[in-house]
Amino acid sequence: MKVTKLRSAEQRRRELLDAAEELIADQGIHQVKLRDIAGKAGMTPNAALYYFETLEAIFEDVLARSLTRYCDDRQLIADGAEPPAVKLRKLISAGLPGGPEDRLGRLIYEMGSFARTDAASAARYITLFERQVAIYMGVLEAGAARGDFRLGGPAREIARSLVVMEDGLGLALTNKVQTLRKEEAVALLETYAGTMTGLSLREENENDA
């Protein structure tokens, strides 16, 4: 009986988080209220508070789950058996949202405004930044060790620059009115990465096509 109740509670929590993710991505975090999340999950607000003490607690778990999913997907690319140049191109593409309809991308950028006023969430974004830097660093250093890359600076600085550029371009891509397409954003990042690795990633992509 206890196991069944535990599973039921976990399921209810997932339903609330799923509902919150969808609402935040579609409406923006500042428009989402506890009653909206509870209603979408088929509960009353009081019932939702049985599983999460506050609305902010729901937001914190949504953020943690989203950032984990984002980083884990990129880590799989970095851990693969492909050459570093292929991994670098795939990491660049995977790090950018597809556009305003990219739910995970919109969710992560929307949650950024919550992190500006919540210390715990801000710490998660710092961890996200450092994890992304570490992923890029691993690929850059592996490419240099193989002789594939001729790095134009310290691997960490190149990696940090790539992540900062990703953040800015990703924000532009998730805006309701886009100022550039994903293909253009990818090209900008690949041009920088190519300059800093001594390898024409754009040319490699064209050859692959």
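The values are calculated or read from the model by the stated rules, or taken from the named source; none is laboratory data. For clarity, every value in this text was computed on a predicted model and none was experimentally measured. Glycine also receives a Cβ, built like all others from the backbone with ideal geometry; neighbour counts cover every protein chain displayed.
Quick notes on this structure:
- Scanning region 154-169 finds one or more residues that are of a type in the set (Val, Ile, Thr), more than 19 Å from Asp79 (Cα to Cα) and either touching a Ser or Thr at 6+ places or on another chain (Cβ under 6 Å) or in the same structural domain as Cys71 (by TED's automatic domain parsing) (or both).
- The residues of region 30-41 that are surrounded by 12 or more Cβ atoms within 10 Å (Cβ to Cβ) and assigned to a helix (DSSP H, G or I), listed by number, are Leu34, Arg35, Asp36, Ile37, Ala38, Gly39, Lys40.
- Every residue from region 137-154 that is under 12 Å from Ala193 (Cβ atoms) and surrounded by 15 or more Cβ atoms within 10 Å (Cβ to Cβ): Val139, Leu140, Gly143, Phe149, Leu151
- Matching residues, region 109-126, being farther than 20 Å from Glu184 by Cβ and touching a residue at least 60 places away in the same chain (Cβ under 8 Å): Glu110, Met111, Ser113, Phe114, Asp118, Ala120, Ser121, Arg124
- Per this entry, Ala78 is counted among residues that are touching a Leu at 6+ places or on another chain (Cβ under 8 Å), closer than 30 Å to Leu140 by Cβ and not polar (S, T, N, Q).
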